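The values are calculated or read from the model by the stated rules, or taken from the named source; none is laboratory data. In this text the structure is predicted, and so the values were computed from the model without any measurement. Cβ coordinates were reconstructed from backbone atoms using ideal geometry, including for glycine residues, and neighbour counts include every protein chain displayed. Surface accessibility is based on the protein's heavy atoms, side chains included, excluding ligands, DNA and RNA. Shrake-Rupley method; radii C 1.70, N 1.55, O 1.52, S 1.80 Å.
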Amino acid sequence: MKAAYYSGNQQFDLKDAQPDPVPAGMVRLKVAFCGICGTDVHIYHGKMDQRVQIPQVIGHEVSGEIDELGEGVSGWQVGDRVVVRPLKPGLDDPSDNGQRHIGKNLKFIGIDTPSGMQPYWNVPAYTLHRLPDNMPLQLGALIEPLAVACHDVRLSRLQAGEQVVVIGGGPIGVLIALVARHAGAKVVLCEPNETRLALCRSLGIAAVNPVTTNLVEKVDAFTKGAMADVVFEVSGVQAGVQAMTQLARARGRIVMVAIHSDPKPVDLFRFFWRELQLIGTRVYEPEDFDTAIRLAASNDLPLEQLITQVSPLESIQELFETIDENPAGMKYLLQCKA
């Protein structure tokens, strides 16, 4: 079989690889599809070379079937269709406060350890979540990013009937908008890319361009002067940080979804003046995967329309180059079957 190794310098190499023996407590997956997320693109651009062990197989948005069980694994059978929750908690630290999904010693499978862009992959059995028999494995590759959105909406304490603004119309932003709408919220999404705006509108999401319109006025009109109960900052840029405090109503909640690697100015006076709340979110917990699978199985979310392109594993280099050339794209999948 061939596995795709990130070799540094925006280069992937296909190399011969044999399935590893399956250790106790683990299973071997026959990988069907592996989605490409923003983290994978950051790795490709060399921004995470200090974490990955070059050359390394990356990728964590995986769907597949169990091919072999390691010793001691129960509750699973060969052929079960699954997705992977790619978190490996380390030793508990007192500062973790019981939150093992964001523990100090957490390892992220797909960054800190080899992962899914290969036909066969050994994973701990505890990371698995079962897919319904009638769910296409291609759709299963969207469960991991959908679980991110479910986690973000859950931690926002969103209630049906509330007003929501999502800043940023990339894959996670659109998924948050869809999950929030499904929960009964009235949602408006802000995104400067016109192609993404058109996609959002085709999905029935109210969407505005913050570059060509006055965003505060638009949200004021959309909410009939109430402004947002919840603002999700998903853009990762300074303009989003500046906008988020202006769009929330008194005692509104601002949910920080985007990764802001560098410190950015924040209007702290607005937090004082309007008694705003800032909520940080990162990755997910098991219940978020369960919710994501239920939502995907319900067919209430138009997830298939978010898939921009599916390519064979052998075309991985071309696919990452395509992503760089097409920033308006949404979800790109690699088909990894041997």
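Which of the three applies to the stretch 191-260, rounded, prolate or oblate, going by the alpha-carbon gyration tensor with a ≥ b ≥ c and a/c under 1.5 meaning rounded?
oblate
Cα-based Rg of the stretch 207-338 per 2.2 N^0.38 Å, rounded to two decimals?
Compared with the compact-globule rule of thumb, the stretch 207-338 sits at 1.33.
Over the stretch 56-127, with the other protein chains present, what is the accessible area per residue in square angstrom, probe 1.4 angstrom?
43 Å²
Could the peptides 272-278, 286-292 be put in order, highest first, of the mean number of other beta-carbon atoms found within 10 Å of their residues?
Listed from highest to lowest mean packing, they are 286-292, 272-278.
Please identify which residues in the stretch 25-60 have an amide N closer than 18 Å to a label point set 7 Å out from the Cα of Q11, following the Cα→Cβ vector.
43-50, 52-58
Of K107/K186; K104/K264; K15/K88; K218/K264; K224/K264, which pairs sit farther than 28 Å apart, going by alpha carbon to alpha carbon?
K107/K186; K224/K264
Starting with the highest mean, order 242-250, 124-132, 7-15 by the number of other Cβ atoms within 10 Å, averaged over the residues of each peptide.
242-250, 124-132, 7-15
Under a straight-distance cross-link criterion of Cα-Cα below 17 Å, which aspartates and glutamates are reachable from K47, leaving out those fewer than 8 residues away in the same chain?
D112, D262, E321, D324
Using the crude model of +1 on Lys and Arg Cβ and -1 on Asp and Glu Cβ, and no other charge, please compute the dipole size for the stretch 194-252 relative to its Cα centre, in debye to 20.
In total the dipole reaches around 120 debye.
Hey, if you drop one equal point scatterer on each alpha-carbon of the stretch 25-122 and run the Debye formula without solvent, what base-10 log of I(q)/I(0) do you get at q = 0.11, 0.12, 0.13, 0.22 Å⁻¹?
Calculated log10 I(q)/I(0) at the listed q: -0.38, -0.45, -0.52, -1.14.
Of the listed peptides 148-161, 68-81, what is their order by residue-averaged count of other C-beta atoms within 10 Å, with the highest listed first?
By packing density, highest mean first, the sequence is 148-161, 68-81.
For the residue pair S95 and N209, what label-to-label distance in nm results when each label sits 7 Å from Cα along the Cα-to-beta-carbon direction?
The two pseudo-label positions are separated by 4.4 nm.
If you place +1 on the Cβ of every Lys and Arg, -1 on the Cβ of every Asp and Glu, and leave all else neutral, what size is the dipole of the chain about its Cα centre, to the nearest 20 Debye?
Charge dipole of the chain: 900 debye, to the nearest 20.
Hey, got the Cα dimensions of the stretch 234-307 along the principal axes, in Å, largest first?
So the extents along the principal axes, rounded to whole Å, are 44, 25, 23.
So, with a 1.4 angstrom probe, what is the percent of accessible area on the chain that is carbon and sulfur?
50 percent
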